[in-house]
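This report concerns only the one structure given below.
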Amino acid sequence: MFKDISTVYKKEIRSILKDKTILLMCLLLPFAIMFMEGYLMTAMNDTEEKETTYNAYYMNAPQDLTAGLKAIGFSDEKVEKDDCIDRIKSKDAKMLLIFPENFAIDPEGANVPNIEIYYNSSDNDSLRLREKISVLLDTLRPEVFTINADTSITYDLGDEDYMAKNLIASMVPGLLVMTIIYGIMALASNIIAGDKESNFLNTVLITPVRRSSVAIGKALAVMTAAGTSAISAFAGLAYLMSKFNEMLGEHGVSYATKDYILTFAVILCEAFALVGLILIISTLAKTARQAQTLSVIPIMILFLGSFLTSNDGMQSLLAKVGFKNYLIPMWNASYLTKNILLSGVSTTDILITCAINIVFGIFCLGVVSVLFNNEKIVNE
């Protein structure tokens, strides 16, 4: 039996190596997706940093305030009020800030000057500038009391890196699985359904080779491709993380090598389980197109699961489910990976998660073997 499995496995691996499209999908696509994600992240950050001047204007601003206004993006160009308001409505201008004549702050609060701020809430730049001007104007208000004024004391008692870690943990698990699966989805869905559609499977099934050996050999070839895609994805992840930390600057976070190894192992086991499920679909499908179409369903469900585990609003519900999260195949990997990157997990949780996904993947291979042993799988 092992010899037959080896024979089928080697045959499928040779086919994969000869197909440049599959090699491109497995080797380069996962890395390319991660690389582009990092590149776009850097480009967006550079754009935000370079964009220092808006079509925003002020009138009657006191002399000691103009430097601050220019620093956050205001222009000192003279404009007409009505014309500028019309431009803000059409999003050609971002804001108009009008100070009253002879603007001055009365410490006694008897005469409170009114500052008019015209902006467009449907314009993201206008809203961003609204936040900036609010911070600037707050510094002009009379001080009644101060809050956390002693800079030598740490008032925030939480994890300083939590926000950055939470962002990474919410993004990475789903992104990793998607890049790996997209790289091998065509191969996994076609490896059986494609042979069936071309009637090549009929020839294979009448050979002396046991049908279960054929199924397992094909499955192991897909698993090998999945492992290759995982390595490519993690190589891209290293670049993505470097760009992410570069964007965060002093707030960047770093993980130990152990965290990356654990994440790799958990994601690979998740991919193993998902590949097994796709192989069942490929075996049941009558054509390669049908297999590819149906394979999207579990992938989208898994993507939704990754989104739910990363949603802060779901955390209380997930906490109530507790340990049972680790007993659900594939879902458990997304849930665990976020915890690895966010706060750390126990060895028991990792072992259970990997074991559940491996057992589920083996179960799927067993189902594929049973379907192969069913004579109805042969095209009539």
Out of contact with any Cys (no Cβ under 8 Å at 6 or more places or on another chain) and at positive phi: does that describe GLY344? yes
Given the conditions (1) within 33 Å of the chain's Cα centre (by Cα); (2) surrounded by 15 or more Cβ atoms within 10 Å (Cβ to Cβ); (3) modelled with pLDDT of 85 or more, every one holds for GLU12 apart from (3)
Test ASP150 against the stated conditions and say whether it is under 30 Å from THR263 (Cα atoms), modelled with pLDDT under 75 and surrounded by fewer than 16 Cβ atoms within 10 Å (Cβ to Cβ).
-> no
Residue check: is THR293 assigned by TED's automatic domain parsing to the domain that holds PHE234, in a helix (DSSP H, G or I), touching a residue at least 12 places away in the same chain (Cβ under 8 Å) and over 25 Å from PHE234 (Cα atoms)?
no
Test: residue in region 259-274 that is closer than 23 Å to GLU197 by Cβ and either part of a helix (DSSP H, G or I) or at pLDDT 85 or above (or both): yes
If we keep only residues of region 234-267 that are free of Cβ contacts under 8 Å to residues at least 60 places away in the same chain and hydrophobic (A, V, I, L, M, F, W, C), then the residue surrounded by the fewest Cβ atoms within 10 Å (Cβ to Cβ) is ALA256
* Asked: Quick check, is GLY249 assigned to a helix (DSSP H, G or I), more than 25 Å from MET178 (Cβ to Cβ) and at pLDDT below 85?
  -> yes
The lone condition MET41 fails out of (1) assigned to a helix (DSSP H, G or I); (2) farther than 19 Å from ARG130 by Cβ; (3) at pLDDT 85 or above is (3)
Exercise. Out of all the residues in region 296-311, is one or more assigned to a helix (DSSP H, G or I), at pLDDT 80 or above and not aliphatic (A, V, I, L, M)?
Worked result: yes
Of the residues in region 105-120, those that are loosely packed, with under 10 Cβ neighbours inside 10 Å and modelled with pLDDT under 75 come to PRO107, GLU108, GLY109, ALA110, ASN111, VAL112
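The values are calculated or read from the model by the stated rules, or taken from the named source; none is laboratory data. Bear in mind that the values here come from a model prediction, so they are computed numbers and not experimental data. Ideal geometry is used to build each Cβ from the backbone, glycine not excepted, and the neighbour counts take in all protein chains shown.
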